[in-house]
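A short reminder: the numbers here are calculations on the coordinates, not readings from a lab. The shown structure was predicted, so the numbers you read here are calculated from the model rather than taken from an experiment. Here the Cβ is made from the backbone with ideal geometry for all residues, glycine too, and neighbour counts use every protein chain on show.
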Amino acid sequence: MSARSKPLVGVILGSGLGAVADAVEQPRATSYAELAGFPRPTVEGHAGQLIEGSIAGVPVAVLQGRAHLYEGGPSEAIRTPVRWLRAAGAEILLQTNAAGSLRPEVGPGRLMAITDHINLTGTNPLVGPNDEHIGPRFPSLGRAYDPALLDALRTAAATLGIDLAEGVYTGWLGPSFETAAEIRAIRVLGGDAVGMSTVHETIIARHCGLRVAAVSAITNLAEGLSEVPLSHEQTLADAARAAADLSRLLVTAIPLLVDGAC
């Protein structure tokens, strides 16, 4: 890999948020099909390509689409892209996702910075043999979402006048949406938003030494909090509403994230 293409920041784009890749300058696209071990996305809204270039002058590698456990493929398809970013030279992982809100005041179209997560997927991507060359057997998640990087997101949002909510993201296995009773239980546990990704990539990233920041694009109110039926089509439509603000936030935040990592 050339010095020109060595990324400082890796970005993972969630469902319906692929248009954020339009912010990449001098983009060079590579299909996941050409990259060993990368997933072959089966979910609408995940293009399945790597975009290399820069955002606001910072070298980036943008993963346009991710694998999900509910797709039934191997966990390696989730681990490989994150570890590729680290091996390529990235120091920071900036994740995005589409999520349902458990807080009525944070409705569709809003953005939420993730401050912590609850893993309710029933599994951990580090289960199995551990490679000490990648990371420790028992990695700490005490600061899974880096406080300095969170401050950078806050600063960028304030500069742009974006009303950035903050909260705890709950990872759900899927592919079925949650029941109203399950949502009530998640609220008791302290969850503010729920989705079917992100927590595993964060665990993998922290294991291999990447610092993590993450933003959810709120696409709906969770089951039992709205009369609107949940569907993936609705998720994609409302993710598109949030994508414009998300693009602006990323372009402004990425240089600040790099400064905050120093």
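Compute the relative contact order of the chain as a whole-number percentage, counting only Cα pairs closer than 8 Å that sit 6 or more residues apart in sequence.
Working: 567 pairs, mean separation 72.4, N = 262.
Relative contact order here is 28 percent.
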Extension length gain for Tyr70 and Glu34 (0.36 nm per residue less Cα distance), in nm, is 10.6 nm
Hey, in the GNM for the chain with a 10 angstrom Cα cutoff, which one of Ala213, Ala185, Ala205 fluctuates hardest?
Ala185
With unit charges on the beta carbon (Lys/Arg positive, Asp/Glu negative), name the residue among His207, Ala29, Leu63 whose Cα is farthest towards the positive pole of the charge dipole of the chain.
His207
I'd like the Karplus ³J(HN,Hα) series for region 193-200: coefficients 6.51, -1.76, 1.60, θ = phi - 60°, whole numbers in Hz, and an x wherever there's a Gly or Pro.
8, 9, x, 10, 8, 6, 4, 5
Most fluctuating residue of Asn130, Asn97, Asn220 in a GNM of the chain with Cα springs under 10 Å: which is it?
Asn130
Taking N as the number of residues in region 1-157, what value does Rg over Cα atoms divided by 2.2 N^0.38 Å take?
1.07
Skipping prolines and chain starts, which residues have an amide H placed within reach, meaning under 5 Å, of the one on Ser54, given they are 5 or more residues away or on another chain?
Glu25, Val60
Based on Cβ point charges of +1 for Lys and Arg and -1 for Asp and Glu, what charge dipole magnitude is obtained for the chain about its Cα centre, in debye rounded to the nearest 20?
540 debye
If I build a Gaussian network model for the chain, linking alpha-carbon pairs within less than 10 angstrom, which residue out of Leu35, Leu69, Leu153 has the largest mean-square fluctuation?
Leu35
Cα-centred dipole magnitude for region 1-142, charges only on beta-carbon of K, R (+1) and D, E (-1), debye, nearest 20
120 debye
Sorted by Cβ density within 10 Å, fewest first, the residues Asp22, Asp116:
Asp22, Asp116
Spin-label pair Ala244/Ala19, simplified geometry with 7 Å Cα→Cβ offset, distance in nm
0.8 nm
Unit charges at the beta carbon, dipole of the chain: most positive-side option, Ile134, Thr155, Gly100:
Ile134
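Out of all DSSP beta bridges in the chain, what portion is antiparallel? Express it as a percent rounded to 5.
Working: 17 of 48 bridges.
Around 35 percent antiparallel, to the nearest 5.
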FRET efficiency (Thr179, Asp151; Cβ distance; R0 41 Å; to 0.05) is 0.65
